[in-house]
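The values are calculated or read from the model by the stated rules, or taken from the named source; none is laboratory data. No experiment lies behind these values; they were computed from the predicted model shown. Cβ placement follows ideal geometry from the backbone for every residue including glycine, while neighbour counts extend to all protein chains displayed. SASA here: full protein model, heavy atoms, side chains in, ligands and nucleic acids out. Shrake-Rupley method; radii C 1.70, N 1.55, O 1.52, S 1.80 Å.
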Amino acid sequence: MKSDTATIAYHDIAPSVTAFSTTRHGGFSHGVYGGFNINRYCGDDEACIGHNLDLLAGELGVDKANIIMPHQTHGTETRLISRDFLSLGKTTQRMVLEGVDALLTDVPGVCIGVSTADCIPIILYDTEHHAVAAVHAGWRGTAARIAAKAVAEMGLAYGTRPEALRAVIGPGISLDAFEVGDEVYDHFAAAGFNMESISRREAKWHIDLKECNRLQLTALGVAPGNIQVSAVCTYTDYNDYFSARRLGAQSGRIFTGAMLA
């Protein structure tokens, strides 16, 4: 059934920043893409994606060309979105965004965001320099410390200090639901993480990706009180949020974005 309403969950990070995560409600997509998916890289119908983008653009009050989404590959590549980026052709823009898992911008009216369906989305806001980052942290990106890299890149681009950051760790899979094999546990252990803080042994290992990213940020100097952690577990709440573990890899994606006023 078609809908003319986009339902999104807003994150209260700062008055001058619109930060949000899309839900499955509203939109034009069907089945495991239903109803509100704007990701072009997961097999959804292009016409439905276009209609959903129109809905989101209308909700945000921007042209849909100003909604910027990378093609993520579970790496740690970041990309700075400047005013010049908007003047590039669509083909060139897609090339620039290929293989990118975090975006940074200080341009008002440009919505940057990342796609997730159990992975962890992170929004970072520099209160001193009015700049934002959107980060995709799956287990591989989390283990490779992409959140810490994004903070470092903001420092290089804008002079960002961790002490001036506010962060939202958005909807993603929980410790209870994220069961992994020994090889994933060993990967985190080999990367130097304190496994007692981020894991639990049941029939198999469970890892807390949200906590792992929160600890990365606090280790850099981000104040714990400035970090919001979503209580939403996408695996449990798959009726409201996309979950690849529940719906399959060829299903819709949550879009977690941020836009400066």
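Overview of values
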{"item": "Calculated over the chain: convex hull of Cα atoms, volume per residue (Å³)", "result": "115"}
{"item": "Heavy-atom accessible area ranking, 1.4 Å probe, most first, across Thr22, Thr73", "result": "Thr73, Thr22"}
{"item": "Segment 85-237 - convex hull of alpha carbons, volume per residue in Å³", "result": "125"}
{"item": "Extreme residue, positive dipole direction of the chain, given options Ile68, Gln228, Ala131 (C-beta unit charges)", "result": "Ile68"}
{"item": "FRET E, pair Arg94, Ala223, Förster distance 41 Å, beta-carbon r, rounded to 0.05", "result": "0.65"}
{"item": "Estimated inter-spin distance, Thr5 and Glu46, nm [label 7 Å along Cα→Cβ]", "result": "3.1"}
{"item": "Dipole-positive endmost among Ile173, Ala143, Leu217 within the chain (Cβ charges, Cα centre)", "result": "Ala143"}
{"item": "Exposure of Leu97 as accessible area (Å², to 10), given a probe of 1.4 Å and all protein chains", "result": "10"}
{"item": "Spin-label pair Ala191/Val62, simplified geometry with 7 Å Cα→Cβ offset, distance in nm", "result": "2.8"}
{"item": "Carbon + sulfur, % of accessible area of the chain - ligands and nucleic acids excluded, 1.4 Å", "result": "49"}
{"item": "Efficiency of FRET from Cβ geometry, Arg201 and Leu86, R₀ 51 Å, rounded to 0.05", "result": "0.55"}
{"item": "Rounded to the nearest 10 Å², the accessible area of Glu46 at probe 1.4 Å", "result": "100"}
{"item": "For the chain: lysine pairs under 29 Å (alpha-carbon distance), excluding those fewer than 8 apart on one chain", "result": "6"}
{"item": "Segment 42-160: radius of gyration over Cα atoms, expressed as a fraction of 2.2 N^0.38 Å", "result": "1.05"}
{"item": "Per-peptide average of other Cβ atoms within 10 Å, ordering 179-188, 76-85 highest first", "result": "76-85, 179-188"}
{"item": "Ser16 - accessible surface, heavy atoms, 1.4 Å probe, Å² rounded to 10", "result": "40"}
{"item": "Among Val168, Val132, Val107: highest mean-square fluctuation, GNM of the chain, C-alpha pairs under 10 Å", "result": "Val107"}
